[in-house]
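For reference, the structure is listed below as structure tokens.
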Amino acid sequence: MAYNSDTFQSLISHAKEYGYIFQSSEIYDGLAAVYDYGQNGAQLKKNIRDAWWKSMTQLNDNIVGIDASIFMHPTTWKASGHVDSFSDPMIDNKDSKKRYRVDHLIEAFAENLSAEEGAALIHQMEQLLAADDLKGIKQLIDDNKIKCSVSGTANWTDVRQFNLMFSTELGSVADEASTIYLRPETAQGIFVNFLNVQKTGRMKIPFGIAQTGKAFRNEIVARQFIFRMREFEQMEMQYFIRPGSQKEWYDFWKAERLRWHKDVMGFPVGRLQFHDHVKLAHYADAAVDVEFHFPFGWKELEGIHSRTDYDLSRHQEFSKKKLQYFDTEINQNYVPYVIETSVGLDRLVLATLSNAYAEEKWQKEDGSEDSRVVLKIPANLAPTKLAVLPLTKKDGLPEIARDIVNNCKGSFQCFYEEKDSIGKRYRRMDAIGTPFAVTVDHQTKEDGTVTIRYRDSMQQERIAMQEVKAKIMDAILA
RNA sequence: GCGGAAGUAGCUCAACUGGUAGAGCGAUAGCCUUCCAAGCUAUAGGUUGCGGGUUCGAUUCUCGUCUUCCGCUCCA
């Protein structure tokens, strides 16, 4: 499969040129790892988000959607483990220029000590880490004469904190302001609302809560276009289940999400695969990624995690509120277990563009070569569904074309264009991925038929003007 | 974060060893009564990423900075 970096560069250029994705603040030289969606990108992204939302909340009568705030009480992130687990102190060796996580560095050193000494050192380190005593940790490294394995020296920088989370201040008066975080994941907004939704929606286990929204992470290395951004959008669904049934529901959602990527997103089977996690995060007892074959390799698109009762238990502990469910079937109270599906919306956009982008060449009838660049975005996701083109801008053809647009635009996105030759207009529509184009010609005035032209095959056929709307509706709902 | 490469019009690129920037495509307006780009005319668009230095003069040399890409590392 020829997914190379040249194609990826072309895709990035194409995305910019046709109003899909721009670099953020471009006129000021941009901001690293932040991107904006243009007129077509925003519509594509919205269509994907809507498709996900529908498949979760509309097609499952036991899944509801919420929209929690980006700002949350600071304790949320202590309970979730993000404050402690995702702010790793780092240290650089000045000679080798190598960077280490201090816990990894010290643990590696401890392995070479006697079991007793090693354990004592680890214990010391953990106490210092828990107390956020960065100077103390540096002292510990110095005292033990821990060396860099590359340079063999102990010429270290100070220990520095690298935070995953962005912080800001809540409160308009500086003195009284308190530090809060921009959420690094949307999931916690669901967990803290577990009881609210369960009670007010009279939800019975198993049930799910879905949410889409922005999340923010201070990535150390942010690369590969919109694949890893500092500000990104997640679509998450937390499925609350009876303890002990996690294996069954984990398998269920694993299969269901793969099916969705094939059927709704239209990704070919050959570009999707599962990747099981060997090393599990602190909250999970099983985890798998759905990976997509991007132009730069196999990368995570979606994560499916069996999160146990970790999150709800932790919030129960920190909030001192009972986050439990009374199961009438078995007559028991329990903290529900959770299966999480978490997909990156921006990654879905990138996957869609990667899969849709094609440079095609063929021989014309007279033997000369013809070519086009086309985005074969599935019709249900394409930003614009229909282009309406009068063959000429005279003889009343534009008026008829306008009528068709007016008839259709309440139901889906249309685009009217009368400039340039018909072939050029078809090419432009191919470039932004519009799946259908109808052309109004002189025959239209006589018998009320138009030509409909299909983007992927470039085939065309004549249909009655009145059938256009229904035909497009059929295609985008299929 | 480290190492390497790059940054000239919306896009792709050009400008001899430093002499104050051009083309094609695209865009806009019009012509051609045209069913698959690349027919004609006209117009617009760049303080050569940004800042400093060397020089009479910098797109060209140099330093810094920002951004992007590739590799490594890190992270999930």
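The values are calculated or read from the model by the stated rules, or taken from the named source; none is laboratory data. The structure presented is a predicted model; accordingly, all values stated were derived computationally and were not measured. For neighbour counting, all protein chains shown are included, and Cβ atoms are generated from backbone atoms with ideal geometry for every residue, glycine included. Accessible surface areas use protein heavy atoms only, side chains included; no ligands, DNA or RNA. Shrake-Rupley method; radii C 1.70, N 1.55, O 1.52, S 1.80 Å.
Quick look at the values:
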quantity	calculated
Formal net charge of residues neighbouring A:GLY244 (Cβ-Cβ distance under 15 Å; K, R +1; D, E -1)	-3
Chain A - percent relative contact order, Cα under 8 Å, separation 6 or more	13
Packing-based ranking, highest mean first, of A:381-392, A:403-414 given that Cβ atoms within 10 Å are counted	A:381-392, A:403-414
Amide H within-cut-off set for A:GLU302, under 5 Å, with H built and near neighbours excluded	A:VAL290
Set A:LYS135/A:LYS299; A:LYS364/A:LYS424; A:LYS364/A:LYS394; A:LYS419/A:LYS471; A:LYS54/A:LYS320 screened for pairs whose C-alpha atoms are more than 27 Å apart	A:LYS135/A:LYS299; A:LYS364/A:LYS394; A:LYS54/A:LYS320
For A:ALA387, residues with placed amide H under 5 Å, excluding near neighbours	A:PHE415, A:PHE436, A:ALA437, A:VAL438
A:ARG202 paired with A:SER313, simple spin-label distance in nm, labels 7 Å along Cα-to-beta-carbon	3.2
Per-residue ³J(HN,Hα) for segment A:230-245, Karplus 6.51 cos²θ - 1.76 cosθ + 1.60, θ = phi - 60°, Hz, x for Gly and Pro	6, 10, 8, 10, 9, 10, 10, 9, 9, 10, 8, 9, 6, x, x, 9
Whole-angstrom Cα spans of chain A along principal axes, big to small	94, 63, 50
Label-point gap, in nm, between A:ASP366 and A:ASP142 - each point 7 angstrom along Cα→Cβ	8.2
Cα centroid separation, segment A:42-65 to segment A:191-235 (Å)	13
Paired Rg and Dmax values of segment A:343-478, which use every Cα atom, in angstrom	15.5, 51
In Å², nearest 10: area of A:SER178 left accessible to a 1.4 Å probe	50
Along principal axes, Cα extents of segment A:213-371, largest first, whole Å	79, 37, 27
For segment A:26-37, 3J(HN,Hα) per residue [Karplus equation, 6.51 cos²θ - 1.76 cosθ + 1.60, θ = phi - 60°, Hz, x = Gly/Pro]	4, 5, 9, 6, x, 10, 4, 6, 10, 10, 10, 9
Integer Hz, Karplus 6.51/-1.76/1.60 couplings in order for segment A:439-448, x for Gly and Pro	10, 9, 10, 5, 5, 4, 5, 7, 10, x
Pairwise centroid distance, computed over Cα atoms, of segment A:288-306 with segment A:347-423, Å	31
Nitroxide proxy distance, nm - points 7 Å out along Cα→Cβ at A:ALA431 and A:SER69	4.5
